[in-house]
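The values are calculated or read from the model by the stated rules, or taken from the named source; none is laboratory data. Bear in mind that the values here come from a model prediction, so they are computed numbers and not experimental data. Cβ: placed from backbone, ideal geometry, glycine included. Neighbour counts: every protein chain shown. SASA here: full protein model, heavy atoms, side chains in, ligands and nucleic acids out. Shrake-Rupley method; radii C 1.70, N 1.55, O 1.52, S 1.80 Å.
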Amino acid sequence: MIHALTLILACQLAGEALTRLFGWPAPGPVLGMALLFVLMLASGRVARLVQPTGEGILRHLSLLFVPAGVGVVGHLQQLGTYGAGFALVLVVSTVLALAVGAGVFVIVVRLTGDKDKSDA
Amino acid sequence: MREFAEIWSYLAASPLIWLTATLIAYVIGDTLAQATGRAPLANPVLIAVILLASLLWITGTSYATYFEGAQFVHFLLGPATVALAIPLWQQRHAVRRAFVPICAALLAGSVTAVLSALAIGHALGLSPQLLATLAPKSTTAPVALGISQSLGGSPTLTAVLVILTGMIGAIVVTPLMNALRIRDWRARGFAVGVAAHGIGTARAFQVNPQAGAFAGIGMALNAMLTALLAPWALGLFL
């Protein structure tokens with residue numbers, strides 16, 4: 001477990017360093033994810049090593065957003081007079097993005113021939 | 001009662017109490033979510049946030065004090081993002097086979113998220129600074145803050161909008177997809193990752209592992225695409 005955790009943190013650190021070094025728009029952890037993915041593809045040992053620990057962290061991914069969420073409550077008044085407007089924008093835009101994203105995915109799957117039907 | 005006050009003043013200043021409170025609030029939220037069969041509105045993040053915000057308000061605790069404890073949980077967001085490589089690796093064959101739909105849905109979802117927010121915001125008369133603040137709202141927080149700053153928006157306010165977007169996405173995705181009769185877990189997951197970043201991804205993992213893996217990919221790809229797309233999209237409305 002300690003090896004897996006070390007590897008995950010090292011990937012994140014490498015990602016943070018790379019993104020700062022080259023001024024890339026991607027955040028360090030996202031590059032770290034790409035890096036870990038490449039390592040897992042390259043080595044079955046790495047893949048077996050990180051799986052249990054990584055899955056443990058991901059099992060309660062929701063928990064990790066709680067501190068930031070609590071921070072938002074204190075800033076809600078910052079939305080001020082625009083509060084209702086922002087609420088409308090966020091709800092409508094999120095619903096549209098979800099519908100269009102999933103809709104296009106399903107349509108393109110149908111057009112390109114479904115090689116991997118995953119209907120439940 | 002004096003003893004209680006002494007113990008309280010000691011504990012309230014230590015990170016332990018707020019770290020524990022964060023976990024307890026989440027356990028309560030998660031238990032309620034499970035008890036309702038993961039009903040969309042019984043979102044564990046939402047429940048935990050409401051409980052903790054009330055607790056902070058009742059005890060008159062500042063967010064800075066709370067965060068001294070909660071930062072240990074918050075810190076894990078980085079390693080958890082790295083760990084998203086694991087479901088991606090497990091689903092690598094399915095991902096490769098869905099390469100074309102992924103690219104198409106990324107472009108469509110990302111453009112819709114940014115343009116629809118800007119168009120509605122513009123119609124409501126939001127200032128250019130508020131539009132810049134709003135543009136990256138579907139992106140994962142660290143990227144969204146960077147985009148907001150570079151466009152001349154307010155990063156603090158962007159953080160608020162990002163979290164709210166994540167919660168809205170996590171709550172509406174299941175009823176919306178059911179209403180649209182979209183049953184493909186890849187499509188459902190990918191779309192919620194693009195539209196509602198990590199909080200949507202967390203929801204997807206609770207519903208289906210394949211949806212979770214595709215949500216993680218959607219979140220990562222959308223972070224990169226929005227960074228390129230947002231300046232152009234904002235230019236259309238200025």
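Looking at A:GLN77, A:GLN51, which is the one that is more than 24 Å from the chain's Cα centre (by Cα), closer than 30 Å to B:PHE72 by Cα and either at pLDDT 85 or above or assigned to a helix (DSSP H, G or I) (or both)? Full working, then the answer.
Numbers: A:GLN51 fails: more than 24 Å from the chain's Cα centre (by Cα).
The conditions single out A:GLN77.
Looking only at region A:14-32, how many residues end up being closer than 20 Å to B:GLY216 by Cβ, modelled with pLDDT of 90 or more and either open to solvent by less than 50 Å² (accessible area, probe 1.4 Å) or of a type in the set (A, V, I, L, M) (or both)? Steps first, please.
Filtering region A:14-32 down to residues closer than 20 Å to B:GLY216 by Cβ leaves A:14-16, A:18-19, A:24-32.
If we keep only those that are modelled with pLDDT of 90 or more too, we end up with A:14-16, A:18, A:32.
Now restrict to residues that are either open to solvent by less than 50 Å² (accessible area, probe 1.4 Å) or of a type in the set (A, V, I, L, M) (or both): A:14-15, A:18, A:32.
The total comes to 4.
Search region A:14-36 for residues that are more than 8 Å from chain B (Cβ to nearest Cβ) and pair each with any residue that is open to solvent by 10 Å² or more (accessible area, probe 1.4 Å) and among the charged types (D, E, K, R) when their beta-carbon atoms are under 9 Å apart and the residues are at least 6 apart or on different chains.
A:LEU31/A:GLU16
Cβ-Cβ below 8 Å, separation at least six or inter-chain, first residue in region B:71-94 and more than 21 Å from A:ARG48 (Cβ to Cβ) and free of Cβ contacts under 8 Å to residues at least 24 places away in the same chain, second of a type in the set (Gly, Ala, Ser) and crowded, with 22+ Cβ neighbours inside 10 Å: which pairs?
Filtered contacts from region B:71-94: B:HIS74/A:ALA68; B:GLY78/A:GLY28; B:GLY78/A:GLY32.
Only one of (1) open to solvent by 60 Å² or more (accessible area, probe 1.4 Å); (2) farther than 17 Å from B:THR133 by Cα; (3) at the interface with another protein chain (Cβ under 7 Å from one of its Cβ atoms); (4) not hydroxyl-bearing (Ser, Thr, Tyr) is not met by A:GLN78, so which one is it?
(2)
Can you tell me which residue within region B:56-71, out of those that are open to solvent by 70 Å² or more (accessible area, probe 1.4 Å) and within 9 Å of chain A (Cβ to nearest Cβ), is farthest from B:GLY198 (Cα to Cα)?
Result: B:TRP57.
Say we look at region B:217-234 and pick out the residues that are more than 7 Å from every other protein chain (Cβ to nearest Cβ) and buried (at least 24 other Cβ atoms within 10 Å of the Cβ); which of these is nearest to B:THR133 (Cα to Cα)?
Filtering first and then ranking leaves B:ALA230.
Residues of region B:165-194 being at the interface with chain A (Cβ under 7 Å from one of its Cβ atoms) and among the aliphatic types (A, V, I, L, M), which ones?
Answer for region B:165-194, where residues must be at the interface with chain A (Cβ under 7 Å from one of its Cβ atoms) and among the aliphatic types (A, V, I, L, M): B:ILE168, B:VAL172, B:VAL173, B:LEU176, B:MET177, B:LEU180, B:ILE182, B:ALA187, B:ALA191, B:VAL192, B:VAL194.
If you check A:VAL89, A:VAL73, A:VAL108, which single one turns out to be at the interface with another protein chain (Cβ under 7 Å from one of its Cβ atoms), under 25 Å from B:LEU161 (Cβ atoms) and open to solvent by 20 Å² or more (accessible area, probe 1.4 Å)?
On the way: A:VAL89 fails: open to solvent by 20 Å² or more (accessible area, probe 1.4 Å); A:VAL108 fails: under 25 Å from B:LEU161 (Cβ atoms).
Within the list A:VAL89, A:VAL73, A:VAL108, the selection yields A:VAL73.
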